[in-house]
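**Q** Mind having a look at this structure? Questions to follow.
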């Protein structure tokens, strides 16, 4: 132990004596480790960290009912929830919840927020204790109404009520329903859906108007179900019990419990630690996180290679010291340990810097709110887990960059080293091999990142050329949720009609319409269909995407009607139902036949047959990269639609119209919260957010990696020149011109770059295959990225190698030959 | 009595780029406990190679080396390190002090590899530094000392572990004549106190400080200085085309 303390002291002194080397190494490692810790804090917050304020989360499971269209993980209906909750032999408690947007009436108007409508035992099942007041009582169970109570989230309590303890017993109006505040949730508790900022909890029994589903409807499957296992009960035992319940439910309700392929639906229990991201989204989320981790791991490896190269360069100057220590009786193991202590100190300092970088980036990420209508709130922070990971990674990093140089330097030729002849090592000797390999690795790694970054940049450029089937310029979007405000259908229709009139009259407005869904928005609705003249094959999914649109929708959006007519005022509430389908829809269901005049019908309470009156051009509905898909449009006037978005086509900047639109809304419905206000261009940008983020992250990290690689290359070439000074002097003495020497040195450096680039290109090609899912169109083999990036890298590398090469060309043979 | 060092038929061949260089050839040598031996000879005759083999910094290609009666050929790297640490003290021409360590720490260094307690280490280091007259500079760094002072510190480091033998490789090579004399005086004193010393030097003035001088020429031990001169002359003639009768 004492030996270790002494080694740490010596190592600190050695590092202090070379502040330049130490600073460069710590900075390099700090950036590499910081990038890793930042991404790890994201992974930690999304996937790893147990839920805050929840007791024994390892005993929690989430329960899922398979979807009608097949997927294993779907929502659960209230009657099915009650059937599951009766399984008291395996579950200590079963809770249900349903997230929804709500509006909280305040002094300065309504505030839109997200909350959960929950079963009364919700907090008991999760094992959460109130920070103030109480949670829900057993007599507040059920969904019959009559218990108008609410629990506030800690953040809302602080923000809207100043943290006053008098809040208990006060009445608040939530989406128009008066509710009594009975408690406040503890800090950190954000409900059962990770990443969503949920701020109020209302029991199912509060008021039927807030439910948003029919508790008696077995087809209304919108509930998230969480259960607490009884002590000693395993997930497998719970699953066996759920299988039995599912069989019983199928036997009793065959129609509701049979999916589109005719198979019985199933119930699945998923441990809490695997359902922090809902299981249906877990695959893509884990894949994306793995991709990010892989990217930052490459950056760290490049940083390690750079520091290893610095250490190897330094090792050449330390061979004598090491030889002395060996001559005095130090064992090689002991010296390796001492050198590793130095590496460890560098890595820990780099780790400390990395923690600062991670704190900064997590604060930056936490403050980033993408313009979407769902409030995201991931609890990003540098906590014990991140620090622990940082410590482990720092130690691993120290070994990664420190071990090879330590092993190399502790194997000197003792006699020449002690006689100070070690510095005249021959050029091209084995000692130089590892450094070359490291530079090749750095070049390859940075090339992979830069090619991947440029593929995403190219995809963003590509996106501007894709025909999305609508014109995204100069279109303002204003969304309201009149359901949350308890508007009845007639009142809602009246509000929308008057709003359209008002806004149409504003100067600078070219067209106005309404629609339930915005193109490329996060919401995408599908409906099971019956298609006239089309016989579905066994197991074929007849669910297709659709939109509910107002008059003038197609003109306002700039979507062409290729045959027939658009939906308009003829399609009013009393008229025969009309639909417009897109070209893909027509091709798929009526190939070779005239779709106009054909009928389609949809399932559900308002299921009726509607006539196809027009065919619209194909467009992009969920993402710009999607293949053409069938889609249809229903007239808003012919269905109950109370959550429409106003679409305003303007002559100029749509944002300039915002004050006038706000004023119109205020005048028509004082206090009505605007759920979302954005432009279609911004909406398109949101849909490209993953690609944009990837381009920025890869671009920044790739540029950093390139910088590290060229610094490494410069170091290697400069080191080679210093080793070959005597040889170069002899060459000059024998008649070599400075240009000959420069060419020779440059060729050596660029040979490494060429090998690294070849390896990097092969890896980048493989990586582009993996990234294909994130790129819009093409197979990822983009010739521009694969030619331009290596050329750019070669250019930068050439400059970096030229500096020491030029110095080599100026070698004075008399000086060089005196070098011993 | 068994000699401290015994070499029997030791040869050393260096292989570089398919060229064999015979640095030592069939060397027989004995050094007794308490002896002061100088190894002399012209540049390139194998003096340093011989000293490196004696100090276990290098291994012989052929022959047997017995140190204190034990053969060293089959020793592992860590056993060799242990012997270097406990039984051999080195003094180099280039001093070979570590620039990052103070005088005290440089002298202490061999003891730290033994796991000795800090109290004992301190006492030994102080004794050694007093012995060479450098105890007043123990907090200095090597760069703050003159060449002569650095070599005295190097001597202190060599003796601090109380080795069986001191190996000195041209200990005065980097010093002026005054400092060179002082270091030779110091070795002389150590010898008078019982130290066994083997010293490589090409300077006959310093070689004469020793009890006995071993002459090397082309890797072979010669009888005396005259034999070296004769062999050198013979080779010179041979290289210029004359045939010489032995």
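The values are calculated or read from the model by the stated rules, or taken from the named source; none is laboratory data. All values reported here derive from a predicted model rather than from experimental measurement. Note that each Cβ is placed from the backbone with ideal geometry, even for glycine, and that neighbours are counted across all protein chains shown.
Every residue, every condition in (1) in contact with a helix residue (DSSP H, G or I) (Cβ under 9 Å, 6 or more places away or on another chain); (2) modelled with pLDDT of 85 or more; (3) closer than 30 Å to residue A:454 by Cα; (4) exposed (fewer than 14 other Cβ atoms within 10 Å of the Cβ), yes or no:
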residue	(1), (2), (3), (4)
A:720	yes, no, no, no
A:726	yes, no, no, no
A:731	yes, no, no, no
A:755	yes, yes, yes, no
A:759	yes, yes, yes, no
A:773	yes, no, yes, yes
A:796	yes, yes, yes, no
A:805	yes, yes, no, no
A:810	yes, no, no, yes
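**Q** Same structure, new question: Could you pull out the residue among A:280, A:289, A:293 that is in contact with a helix residue (DSSP H, G or I) (Cβ under 9 Å, 6 or more places away or on another chain), modelled with pLDDT under 95, surrounded by fewer than 17 Cβ atoms within 10 Å (Cβ to Cβ) and not in a strand (DSSP E or B)?
**A** Only one candidate passes the filter, namely A:293.
**Q** Looking at (1) within 30 Å of residue A:59 (Cα to Cα); (2) in a helix (DSSP H, G or I), which is the one condition that is false for residue A:216?
**A** Of (1) within 30 Å of residue A:59 (Cα to Cα); (2) in a helix (DSSP H, G or I), only one is false for residue A:216: (2).
**Q** Here is a follow-up. Using the structure shown, decide if residue A:388 is surrounded by fewer than 16 Cβ atoms within 10 Å (Cβ to Cβ), part of a helix (DSSP H, G or I) and within 14 Å of chain B (Cβ to nearest Cβ).
**A** No, not satisfied.
**Q** I've got another one for you. Tell me which residues, restricted to region B:93-109, are over 21 Å from the mean Cα position of the chain (by Cα) and facing chain A (nearest Cβ under 9 Å).
**A** Within region B:93-109, B:99, B:100, B:101, B:105 qualify.
**Q** Here is a follow-up. Among the residues of region A:439-466, which ones are over 30 Å from residue A:310 (Cα atoms) and touching a residue at least 24 places away in the same chain (Cβ under 8 Å)?
**A** Scanning region A:439-466 gives A:455, A:456, A:457, A:458, A:459, A:460, A:462, A:463, A:466.
**Q** Test of understanding: among A:665, A:745, A:716, which residue is surrounded by 20 or more Cβ atoms within 10 Å (Cβ to Cβ) and either without any contact (Cβ under 8 Å) to a residue 40 or more places away in the chain or in contact with a strand residue (DSSP E or B) (Cβ under 9 Å, 6 or more places away or on another chain) (or both)?
**A** A:665
**Q** For the condition buried (at least 16 other Cβ atoms within 10 Å of the Cβ), within 14 Å of another protein chain (Cβ to nearest Cβ) and in contact with a strand residue (DSSP E or B) (Cβ under 9 Å, 6 or more places away or on another chain), what is the one hit in A:418, A:414?
**A** A:418
**Q** Next question. In region A:106-138, what count of residues is obtained for those that are over 32 Å from the mean Cα position of the chain (by Cα), modelled with pLDDT under 90 and over 17 Å from residue A:207 (Cα atoms)?
**A** Total satisfying the criteria: 4.
**Q** Tell me, which residue of region B:115-147 that is under 24 Å from residue B:179 (Cα atoms), assigned to a helix (DSSP H, G or I) and within 13 Å of chain A (Cβ to nearest Cβ) is farthest from the chain's Cα centre (by Cα)?
**A** In this case the residue turns out to be B:143.
**Q** Could you please find all residues in region B:66-92 being within 19 Å of residue B:36 (Cα to Cα), more than 7 Å from every other protein chain (Cβ to nearest Cβ) and either at pLDDT below 90 or under 16 Å from the mean Cα position of the chain (by Cα) (or both)?
**A** Listed by number, the residues that qualify are B:67, B:87, B:88, B:89, B:91.
**Q** Still on this structure, I have one more. Between B:48, B:61, B:112, which is at the interface with chain A (Cβ under 8 Å from one of its Cβ atoms) and in contact with a strand residue (DSSP E or B) (Cβ under 7 Å, 6 or more places away or on another chain)?
**A** B:48
**Q** Please specify each residue of region A:610-628 satisfying the condition of being modelled with pLDDT of 85 or more and either touching a strand residue (DSSP E or B) at 6+ places or on another chain (Cβ under 9 Å) or closer than 14 Å to residue A:564 by Cβ (or both).
**A** A:610, A:611, A:612, A:613, A:614, A:615, A:616, A:617, A:618, A:619, A:621, A:628
**Q** Looking for whichever is assigned by TED's automatic domain parsing to the domain that holds residue A:758 and modelled with pLDDT under 80 here; the options are A:460, A:522, A:482. Which one fits?
**A** Testing whether each residue is assigned by TED's automatic domain parsing to the domain that holds residue A:758 and modelled with pLDDT under 80 leaves just A:460.
**Q** Follow-up. Determine whether region A:339-349 contains at least one residue that is more than 14 Å from every other protein chain (Cβ to nearest Cβ) and in a loop (DSSP other than H, G, I, E, B).
**A** No, that holds for no residue.
**Q** Return yes when residue B:206 is touching a helix residue (DSSP H, G or I) at 6+ places or on another chain (Cβ under 8 Å) and not in a helix (DSSP H, G or I) and no when it is not.
**A** no
**Q** Something else about it: Considering only residues that are within 10 Å of chain B (Cβ to nearest Cβ) and in contact (Cβ under 8 Å) with a residue 60 or more places away in the chain, which ones fall in region A:287-321?
**A** The answer is A:318, A:320.
**Q** Every residue in region B:171-189 that is surrounded by 22 or more Cβ atoms within 10 Å (Cβ to Cβ) and either without any contact (Cβ under 8 Å) to a residue 24 or more places away in the chain or within 14 Å of chain A (Cβ to nearest Cβ) (or both), please.
**A** The answer is B:171, and nothing else.
**Q** Considering A:115, A:93, which residue is over 22 Å from residue A:145 (Cβ atoms) and part of a strand (DSSP E or B)?
**A** Of the residues listed, the single one that is over 22 Å from residue A:145 (Cβ atoms) and part of a strand (DSSP E or B) is A:93.
**Q** Ok, one more. Here is a list of conditions, (1) more than 9 Å from chain A (Cβ to nearest Cβ); (2) closer than 30 Å to residue B:69 by Cβ, and residue B:150 meets all of them except one; can you say which number that is?
**A** (2)
**Q** Another question, if that's okay. Which condition breaks for residue A:568 when tested against (1) part of a loop (DSSP other than H, G, I, E, B); (2) in contact with a helix residue (DSSP H, G or I) (Cβ under 8 Å, 6 or more places away or on another chain)?
**A** (2)
**Q** On to the next question. Check off (1) at negative phi; (2) away from chain A (no Cβ under 14 Å); (3) touching a residue at least 12 places away in the same chain (Cβ under 8 Å) for residue B:23 and give me the number that stays unchecked.
**A** If we test residue B:23 against (1) at negative phi; (2) away from chain A (no Cβ under 14 Å); (3) touching a residue at least 12 places away in the same chain (Cβ under 8 Å), just (2) comes out false.
**Q** Now, a different point. Considering every residue within region A:584-601, establish whether at least one is surrounded by fewer than 16 Cβ atoms within 10 Å (Cβ to Cβ) and within 30 Å of residue A:495 (Cα to Cα).
**A** No.
**Q** Which of the numbered conditions does residue A:555 fail, given that it passes all the others? Conditions: (1) within 30 Å of residue A:677 (Cβ to Cβ); (2) part of a helix (DSSP H, G or I); (3) under 32 Å from the mean Cα position of the chain (by Cα).
**A** (3)
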